[in-house]
Structure formats: structure tokens, C-alpha cells
1. Excluding residues fewer than 8 places away in the same chain, name every one of the lysines whose C-alpha is closer than 17 Å to that of Lys384.
2. As I understand it, the dipole of segment 347-520 uses +1 on the Cβ of Lys and Arg and -1 on the Cβ of Asp and Glu, about the Cα centre. Which of His443, Val403, Leu350 lies farthest toward its positive end?
3. Give the order of Tyr510, Tyr559 when sorted by the count of other beta carbons within 10 angstrom, beginning with the fewest.
4. Based on alpha-carbon centroids, what's the gap between segment 64-126 and segment 506-545 in Å, whole number please?
5. How big is the dipole moment of segment 215-307 about its Cα centre under a simple scheme where the beta carbon of each Lys and Arg is +1, that of each Asp and Glu is -1, and everything else is neutral? Debye, nearest 20, please.
6. Using DSSP to define loop residues, name the chymotrypsin sites (Phe, Trp or Tyr not before Pro) in segment 5-46 whose beta-carbon has at most 15 other beta-carbon atoms within 10 Å.
7. Just how large is the dipole of segment 102-244 about the Cα centre, in debye to the nearest 20, putting +1 at every Lys and Arg Cβ and -1 at every Asp and Glu Cβ?
8. Peptides 137-147, 454-464, 560-570: what's the order by average Cβ count within 10 Å, highest mean first?
Amino acid sequence: MMQVPFSVEARAVSLQEARSLYFGRGELPEALLDQNVLRSWERCRQAGLDPARLGGGEPDVRGVAEARERNRTLISHAQPVLEHLFEQIRNSHSMVILADARGMVLQSYGDADFLSRAEQVALRPGASWHEFERGTNAIGTALAERGAVNVFGSEHFFEGNAFLTCSASPIQDAQGRLMGVLDISSDYRAFQRHSLGLVKMSSRIIEKRLFESEFAHQGLLSFHARPDHVGSLCEALLAISPDGDLLGADQAALELLGLRREDLPRRHYSMLFDVPLGTLIDRARRDPSSLIAISGRNGERFYARLRGNFAPMSAAAPALVDARGERLAGRPRQEAPAPLPADRLTLQFLSTGDERLQAAIDKGTRILGRDIPILIQGESGAGKEMFAKAFHNSGPRAQGPFVALNCAAIPETLIESELFGYSGGAFTGARKEGAVGKIQQAHGGTLFLDEIGDMPLSLQARLLRVLQERCVTPLGTNKSIPVDITLVCATHRRLKEEVARGGFREDLYYRLNGLCINLPSLRERSDIDRLIDKLLREEAGPDRQVQVSHKVMEAFLKYRWPGNIRQLNNVIKVAIALLDDDETVIETWHLPDDIFEEIGQIEPSVASAPIGRAAADAVPQAAMPAAAAAAGMGRLEEIEREMIHRTLEAENGNISSAARRLGISRNTLYRKLGRF
């Protein structure tokens, strides 16, 4: 742990000692330096930066105009925050800086006397303050560490920047992607301890504005363990669809709920909180400013407020009731259902030209509004839940709830309570107020049971009774509660075969199998190109036109896609994320490495075809085969290292350009550079 001296002067002296130990004797001054700074010094030294260097190049006037255009969204939300922050520090010989995710300064506000000094080290719009350009500094180090940092005086790697003290905090968008950095810089002799707190608070305001803008047309759940923190900067935010799908979560929500961002697609509102979403919606309509107490699935107590434009419940939909049959929410008002958005997932939306899929869509369309259960069969990832949601959204129950339960994803001991609900004290660990099961939550809407073939035999009889009697009996009570649901089930198993071997009840199978729909696997579909175009539009957004190259499309059409649509969707997301801001065509090097290898377009070996393309430029062609043959396998890595080195030199160190020339992805090139 760093020992912080009492005075600025003493701190400056201790840093000179740290620099002497590190640069003079090669020792790590761990007791004298913050670990963020020490790690940055190590990165800078490994990158070959000279600590005696005065600074980097001049600002790029043309480049900053392009960078501002790329970062219009960030600037529009950050501008008022920057102006307000500068008002807080005006006349303190300081400046406020906004930089993009590459470390380029986009905007700055500052006192005239300090701005003139900052310009001497190019601390102004158009200059890059990435670590590999300017050494250790708050902007570049905050980007590298993905966290807030202070860099004081001689903690800067370059001696020419030692007159500065800087505090910076990164800014993330609603999806957790790094968008930029907010920084306060001043003369180190004017160091203020509160600067880091100010930039952290201000970056949080910007992130909150970005999140609320991203999900402006969705439901936003604000919650916190303390009621006075709801509505403040401390609140956690979840974006929720009317069906209860989790569309987004800010960092505070992830931390309070103990989730990772990648967990969100596999979670539903009902898996996180005990109070039904319908209750929150009803409360929000009656009293938008009020708080409601809710509990997390691990027993944490929160206070919450829901806001957003949720469509009113259908007048015919009954009120939700708890495990004792008592009402949980007021009777819905007699309002006409709101029309569905034009881009909402419906059966027609799924139609992209494949004959087998179209046959399934036509069958589903014909039974809309009829009391006929559907059994969807297909491989994992083929879009069974997507089809079920589209069926629900296309019918008369579209304004009712769509409730999903994956029978294979929940432990056998919990499926019963999740499906049927329970009264307070029904079993050890049960909440005293009880819980509403999935069947009751789907009242007036659709219940989707995914992987129904994995439901334990003991529960199949209870489910059959619910379907026959249209009543559910929660655990711990004898009271039957009427329910009105449409049932859609899905499985990748052959249920007839499961019936034959005794793993699935025959009477339940025929009860579920009102209409059996078989979804084709992705490799069997004739509309892959149109599906790819649709996924590209959805992932890239309306303001960006992205397409795949002819070579990538050919590879996609030949690939067998064992993960089906789910795998294709993930590949598209990764490829778009790997595109540079000015790129609009997905090439092979933008694909994940495992897809590279499985498609067979790029081999991991140094002697592969793509590396061979680069070899034509990086190594004399006449010498290449002979050298490789003479060196043998032991020199392959040396040849690869030389090839990459020459390619990087030819591309002036541009990683993206070098990766394209070598025919590999940027991730692969970074990994190889790390190994060398």
C-alpha cells in the first residue's frame, strides 16, 4: 500500500526517490508508488518508451474533427457536465478534458494561464494521450486500467510532464463498452484531493445520461438498499422490457445483484426479484413517484421505482394474486390495448424466405387465439424461444405477460417452487410472504416451458393436472387458484422416444402436442444471407451500414453452425465489435479465432495461407521457402516473429492494418505480440 506524504513537497521528494530506484537501479518502488502507476511504468518500459522524452507529436487538427464526429453521442451527453465541472474548479489554475476511447482529447475548458502551459506539452484537442504516446498519464492510464486514477507530478513517465497533476475517470456506455475519459489537470503544486472524487462523480453522471438515453423507450427500474439513494447518483438501473427481459444494467446494478454483464441474456426479471413485474407496473401507473419494497432472490431488501411507457394491461386480464389467492395489484383500468411497435418480434418478422421456417410460421399463424398448445422441436440455438415470443406477440394475448422457464437450467429441487409457487413457510428457507410461481405469473398471457423434456417425472403429473383443471395449487397450501394461460413448450429431445423409454409421460406428451412445429437448423435453411443482413442491421443500429465480404459470406454459407442462430448472432456481435470506426465490411480477420479455424479459411500455423500473403511483403520471396526448409520446425516462431515485425514496420505500427495484411484478427496479433 502506498504511503502518501502529508505535503505536496514531501510527495515530490518521495517520487524522485522512486524514479531513482526504478530508472537508475531497476528496482520496483512498490512502497512509494500507487499500483496503477507502477503497472503503467512497467507497460511503458516494455513498450520501449524513453522517460527523458519531452512529449509526443503535435495535435491532429483533421483527426480531431473526425473523432468528434465519431463521438457525437458521447459529446452531446458530456458537454453540459464538462461545463458545469469547469465552473466548480474555475480560477484554480486547472483544466477539464474529455478524451475518446483512444485517448485523443476531444474538448477542453480551462483557466487561460494554465491552458498556455498545457499547450506546451500538447495537452489540447487533437492530441493523443494514450499511454504508448505520452507514457503514464491520467487519461491513458485510466483507459488501460479501466478505472479512476490520480497521476501526480513525477509519477508521469515522461519527465517533461512532471509539472502536471491529473485525475481521470473512464466513461462506459450502457453496454459496458469504454467510450472515453473525463480528466481534471493542473499544476502539481495546486493539487486538490477532491479532484478525483469530482471526475468520478461527473463521469457517473455522463454514464447515467447515456444509459437513460439508450433505453429511453423501455422500462427503467431504479433501486437501492437505501430508499434515499433511489433517484440519486448512487441508484442502480435496470432496463426491462414489458415481458420482463433484461435489456441492460449499469455497473451499480450488476454489483448489487452479483451479476456479470454476460449473465443478462440468461436472466429474467422474475429470476431476480420477488415482487411480480405486473405489481411494479400497476404501482407506477397509480403513483409514479412512490417506492416499493422488493427482495432479491438471495434475500437482499431493496427499494425500487419503475418508470417508462409500459402498455396498459388488457381489461380482460385478471389481477395477479399471491400464493394465498389474494390480490397483489389493483384491477386494471378499462383501457384499450396499446398497438404493438412495428419492429416488435412477431411471426411475420421472422419470415426471411426459408420454406421450412415459413411452413412453421403459417401453422402458428392459423392457430392464433385458439386454445391449442404448441410443442416446438429443434436443435439447441435454433430459435425456439424466439418463435415462442413471436407467437405470443402475434396473438390476442400480446398485451399479457410472456413468462419463460428453462426446465434444464434450474436445479430439480427448485423447479417445483418456481413453477407452482409456494406459501410462506412452505419449506426451509422459504420467504415468509411466499412467492408466485411461473404459472400464476403467466395468467392472461403465455407460459413458455423450454426444454420440457428435462422436467422431472414427479412434476409432470402435477403439470398435467394444471392443464386439465386450469387451476394451480402452490406448495404449502390446499387452495386452488384459477389460471388462464396459453402453453408453448420446446425441446431439443425426441419426446416420442423419451415416452418409449419411460422418461416422459405419454398422457402429458399428447396434452402438450396440440400442434408440433419443427424448426430447421441453421445449416438446413436457405435464407442464411437474408438472416445475416437482418442481424447486421439489428446489431449495428440504424446509423451504421455494415455488411460482410463475399469471402466471409461464402464461408458462412458453407459452415455447419453447430450452435445455430445463437452462434451466428454471437459471431456477428463479435465481428462488429472488432470493426474499426471507419470500417463497414466484415472480413475474415474480424471473426472470432475459433470460427477462423473451424471454417478452415485461416490456419493457426505460421505456414498458413494468410500468413503467406504477408510473407510476400515481409520476407523476400526467394529466401522464404529455402529459409523455412533449412531452419526446420524449431525456427518457425523466429520466422513468424520477423514477419510480424516487418509488417508492423511497413504499416507504421498500425495494429489493424498489420492484422489485415497478415490475414489474422487483431486479437490474434495482440496475443502473438504478447508471446514475443
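Read-outs throughout are calculated quantities, based only on the coordinates presented, and are distinct from any laboratory measurement. The model shown is predicted, which means the values in this text are computed figures rather than measured ones. With ideal geometry, Cβ positions are generated from the backbone for all residues, glycine too; neighbour counts draw on all protein chains shown.
1. Within reach: Lys363.
2. My answer, from the dipole projection, is His443.
3. Fewest-to-most Cβ neighbours within 10 Å comes out as Tyr510, Tyr559.
4. 47 Å
5. Numbers: 12 positive and 12 negative charges, 25 e Å.
Rounded to the nearest 20 debye, it is 120 debye.
6. Listed in order of number, the matching sites are Phe6.
7. 100 debye
8. Going by the mean number of other Cβ atoms within 10 Å, highest first, we get 137-147, 560-570, 454-464.
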